[in-house]
Amino acid sequence: MLFNQLGLSAELLRAVEDKGYLEATPIQQQAIPHILEGRDVLAAAQTGTGKTAGFTLPLLQRLQFSTTNRRSIRALVLTPTRELAAQVAESARVYGKHLPFRTATIFGGVSINTQIARLRKGVDIVVATPGRLMDHMHQGTIDLSKVELLVLDEADRMLDMGFIRDIRKILKVLPKDRQNLLFSATFSNDIRRLAGDLLNDPVQVEVAARNKPVDLVSQVVHPVDKRRKRELLSHRIGKGNWQQVLVFTRTKHGANRLAEQLTNDGIKSAAIHGNKSQTARTRALHDFKTGAVRVLVATDIAARGLDIDRLPHVVNFELPHVPEDYVHRIGRTARAGQKGHAISLVCIDEEKLLRDIETLLGCQIEKQVLRGYEPDSRIKAEPICTGRSQGKNNRKSRSRKPPSQRRRRAG
């Protein structure tokens, strides 16, 4: 289906054409007409399927034909991370280039005073992470009383990150008469409960099987000893002449260390994680997209929502503890119909994590032992600390709380 068959206004169609798009993706085809009708929508779509434009385009049109005074916040989009907030805000600006709307991005890691000044000038759309939005609410620097349309983007991740309490507090200050859109990678039981509280007679849209990885991603596992992972990674990047590689580690410290080691190997690399300032994160992502940096090493939270066109290679330097995170990771490649390649460097300690991922996928991932990097059969597996039991003897440990009760700052 073409975009000009979806009922979008001339101004939006011009912006879509400026981007070079003609045909809408399945999520856009299914969601946009319902949103234009004013219906609440519960949508599940894999990353890279065009879901951001799937709600941004109709959101802009709903505002375009709204009778509410401009320069009051009429649309609120909540996202789990700073990077995703920036991506959504950019989408609103790009598709709204022929419309007179102003967009503000509200997230932590940058000066709140700059955001306050922006809000005082008047904006129509706010894209925010829950934590920083709550800061503005506490300071009385934001007015949400005129919100007509609420979007929860990647709602599953927001629940995982412990933002449910903030979300419920935000919902209490919003007008009851509003349109609600909830986008999620999966329809988990927690998501359905949230949808039951939030949505009014919603249309349900699902364009992919639950947790099914993008079909265009080729996956392979390289068994290798833990101490030789970095050596093997450098070898693969160099031999294959890979120019743009997104690498995942479990920890912030591990991301820093690996980026430094790869740079010492002659492969320009940068790390992106929650301890980095927003300025540093933005610069690292810009350098990666422009080719100034060849490898971007990221943690799961920091990489959530990264939108990188034609990213050919994703590497799991360490497997995630949560199998669903593997699907999100490899979904960074093979976007917008492009092919992608995902490799995982797996040591003996991670074999159970790999089995859990394969169980989720419903298939085995191809294993390739590379010559010269064969695992040492004398090495025995050691249990991997998940971080969930470290506070066993510490009464103050937050690890006792389930994820839905833990609040974590975005990214």
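The values are calculated or read from the model by the stated rules, or taken from the named source; none is laboratory data. Keep in mind that this is a model prediction, so the values were computed, not measured. Cβ sites come from the backbone with ideal geometry, for glycine too, and all protein chains shown count toward neighbours.
Keeping to the range 160-176, report how many residues are hydrophobic (A, V, I, L, M, F, W, C) and more than 12 Å from Leu78 (Cβ to Cβ).
Residues meeting the conditions: 1.
Return only the number of the condition from (1) modelled with pLDDT of 75 or more; (2) part of a loop (DSSP other than H, G, I, E, B) that His341 does not satisfy.
(2)
What are the pairs with Cβ atoms under 9 angstrom where one residue, in the range 1-21, is within 12 Å of Leu99 (Cβ to Cβ) and the other, located anywhere, is basic (Lys, Arg)? Sequence gap at least six, or different chains.
Hits for this filter: Glu11/Lys97; Arg14/Lys97; Ala15/Lys97.
Name the residues in the range 21-54 that are modelled with pLDDT of 95 or more, among the hydrophobic types (A, V, I, L, M, F, W, C) and more than 21 Å from Ser188 (Cα to Cα), would you?
Those that are modelled with pLDDT of 95 or more, among the hydrophobic types (A, V, I, L, M, F, W, C) and more than 21 Å from Ser188 (Cα to Cα): Ile32, Ile35, Leu36.
It is to be established whether one or more residues within the range 280-301 are surrounded by fewer than 20 Cβ atoms within 10 Å (Cβ to Cβ), at pLDDT below 85 and in a loop (DSSP other than H, G, I, E, B).
no
Across the range 53-106, which residue is surrounded by the most Cβ atoms within 10 Å (Cβ to Cβ) among those that are farther than 21 Å from Asp143 by Cα and of a type in the set (Phe, Trp, Tyr)?
Phe55
Is the range 208-226 home to any residue that is in a helix (DSSP H, G or I), outside the structural domain of Thr52 (by TED's automatic domain parsing) and surrounded by 15 or more Cβ atoms within 10 Å (Cβ to Cβ)?
Yes, the range 208-226 has at least one match.
What number of residues within the range 17-34 are part of a helix (DSSP H, G or I) and under 29 Å from Arg329 (Cβ atoms)?
Matching residues across the range 17-34 total 7.
For the range 44-62, indicate whether the set of residues that are without any contact (Cβ under 8 Å) to a residue 12 or more places away in the chain, of a type outside the set (Val, Ile, Thr), assigned by TED's automatic domain parsing to the domain that holds Ile191 and more than 27 Å from Gly162 (Cα to Cα) is non-empty.
No.
When the residues of the range 134-193 are narrowed to those that are under 15 Å from Thr81 (Cα atoms) and acidic (Asp, Glu), which ends up surrounded by the fewest Cβ atoms within 10 Å (Cβ to Cβ)?
Per the stated criteria, the residue is Asp166.
For Gly109, are the conditions met, namely being at pLDDT 90 or above and either crowded, with 21+ Cβ neighbours inside 10 Å or in the same structural domain as Ala53 (by TED's automatic domain parsing) (or both)?
When the stated conditions are applied, Gly109 does not pass them.
Any idea which of Lys252, Lys239, Lys268 is over 30 Å from Phe163 (Cα atoms) and at pLDDT below 95?
After ruling out the rest, the residue left standing is Lys239.
Inspect the range 323-332 for any residue being more than 16 Å from the chain's Cα centre (by Cα), among the hydroxyl-bearing types (Ser, Thr, Tyr) and either at pLDDT below 90 or not in a strand (DSSP E or B) (or both) and give the result as yes or no.
no
Here are some conditions: (1) under 21 Å from the mean Cα position of the chain (by Cα); (2) surrounded by 17 or more Cβ atoms within 10 Å (Cβ to Cβ); (3) assigned to a helix (DSSP H, G or I); (4) not β-branched (Val, Ile, Thr). Ala271 meets all but one. Which one does it not meet?
All conditions are met except number (3).
If I ask for residues that are buried (at least 20 other Cβ atoms within 10 Å of the Cβ), farther than 19 Å from Gln64 by Cβ and of a type in the set (A, V, I, L, M, F, W, C), which ones from the range 13-28 would you list?
Ile27
Mind listing whichever residues of the range 274-293 are under 21 Å from the mean Cα position of the chain (by Cα), closer than 26 Å to Gly240 by Cβ and of a type outside the set (Val, Ile, Thr)?
Within the range 274-293, Ala284, Leu285, His286, Asp287, Phe288, Lys289 qualify.
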